[in-house]
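The block underneath contains the structure these notes are about, expressed in structure tokens.
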Amino acid sequence: MAEVATVKTPRHVAIIMDGNGRWAKKRLLPRSAGHSAGMNRMIGLAERAKKLGIRYLTVYALSTENLARPKDELDGLYSLIKKYFLKNVDALIGGGAALRVAGNLSLLPEDVRQVVNQGVARSPKDAEFTFCIALAYGSRREIADACSAAVSDGAAITEQEISSRLYTAGMPDPDLIIRTGGEKRLSNFLLWQAAYAELYFSDVLFPDFTDECLDMAIADYSGRVRRFGKL
């Protein structure tokens, strides 16, 4: 009888969702159409990750660097959040998921902050699956703020003290970081938390990153040996 391969499911997967704008451009559509398609795919991947037994999924939705993009593009993205965020969040929560947001929300418009905070407030505290959205997120700023908070609290600057003050405090570090869209860099995403994460790069633009693409990334991860610096 043939031996059946066992798939090792990562506990925490993080995704750099790259390629929405290029996806729209290829179709002669406005960039806002790419962001809309990306938002739909983001929710679909969260549902798939939950079914696969992944406990935490973190997605890079909006970086602090993205906030310097043209006003019309940002206004379109903010409009999408206000229109669809709570609806999508409620669907996930109804399926037994919890929502977290990582980032400096003070950088977002007040009406957008209100919508995001409403979604977090509706979220259960003891769910088996946590969906974390990185909004107005920058990892260097996150680390600097964590160090400043430790100093203000009179704590020693140790790895544990810094980790406990990050936006992702209480969550395990990602086992696997996926980047779509063909680029091969972290782009200021989870730099502290990524210390021993496995990296997986896909040429597929994010709106086309199907459930099957996620399955392929998990299968690739499953075949790796993680030594964490040991033999």
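Does residue 139 satisfy being touching a residue at least 40 places away in the same chain (Cβ under 8 Å), surrounded by 14 or more Cβ atoms within 10 Å (Cβ to Cβ) and at positive phi? The answer is no for residue 139. Selection of the range 90-117 for residues being closer than 24 Å to residue 164 by Cα and surrounded by fewer than 20 Cβ atoms within 10 Å (Cβ to Cβ) yields 98, 100, 104, 105, 106, 107, 113, 117.
Using the structure shown, decide if residue 185 is modelled with pLDDT under 95 and either part of a helix (DSSP H, G or I) or surrounded by fewer than 16 Cβ atoms within 10 Å (Cβ to Cβ) (or both). Quick ask: steps written out before the conclusion?
Working: modelled with pLDDT under 95: no; either part of a helix (DSSP H, G or I) or surrounded by fewer than 16 Cβ atoms within 10 Å (Cβ to Cβ) (or both): yes.
When the stated conditions are applied, residue 185 does not pass them.
Only one of these is at pLDDT 95 or above and surrounded by 14 or more Cβ atoms within 10 Å (Cβ to Cβ): 203, 153, 173. Name it.
Numbers: 203 fails: surrounded by 14 or more Cβ atoms within 10 Å (Cβ to Cβ); 153 fails: surrounded by 14 or more Cβ atoms within 10 Å (Cβ to Cβ).
Result: 173 is the single residue among 203, 153, 173 that is at pLDDT 95 or above and surrounded by 14 or more Cβ atoms within 10 Å (Cβ to Cβ).
Based on what the data block shows, is residue 60 modelled with pLDDT of 95 or more, touching a Phe, Trp or Tyr at 6+ places or on another chain (Cβ under 7 Å) and either surrounded by 13 or more Cβ atoms within 10 Å (Cβ to Cβ) or not acidic (Asp, Glu) (or both)? Taking the combined requirement at face value, the residue satisfies it.
Take the conditions surrounded by 13 or more Cβ atoms within 10 Å (Cβ to Cβ), in contact with a Ser or Thr (Cβ under 7 Å, 6 or more places away or on another chain) and farther than 22 Å from residue 169 by Cα and apply them to residue 80. Does it pass?
Numbers: surrounded by 13 or more Cβ atoms within 10 Å (Cβ to Cβ): yes; in contact with a Ser or Thr (Cβ under 7 Å, 6 or more places away or on another chain): yes; farther than 22 Å from residue 169 by Cα: yes.
Taking the combined requirement at face value, the residue satisfies it.
Take residue 60 and decide whether it is among the hydroxyl-bearing types (Ser, Thr, Tyr) and in a helix (DSSP H, G or I). It is false that residue 60 is among the hydroxyl-bearing types (Ser, Thr, Tyr) and in a helix (DSSP H, G or I).
The values are calculated or read from the model by the stated rules, or taken from the named source; none is laboratory data. Please read all numbers here as calculations on a predicted model, not as lab measurements. Note that we place each Cβ from the backbone using ideal geometry, even for glycine, and neighbour counts take in every protein chain shown.
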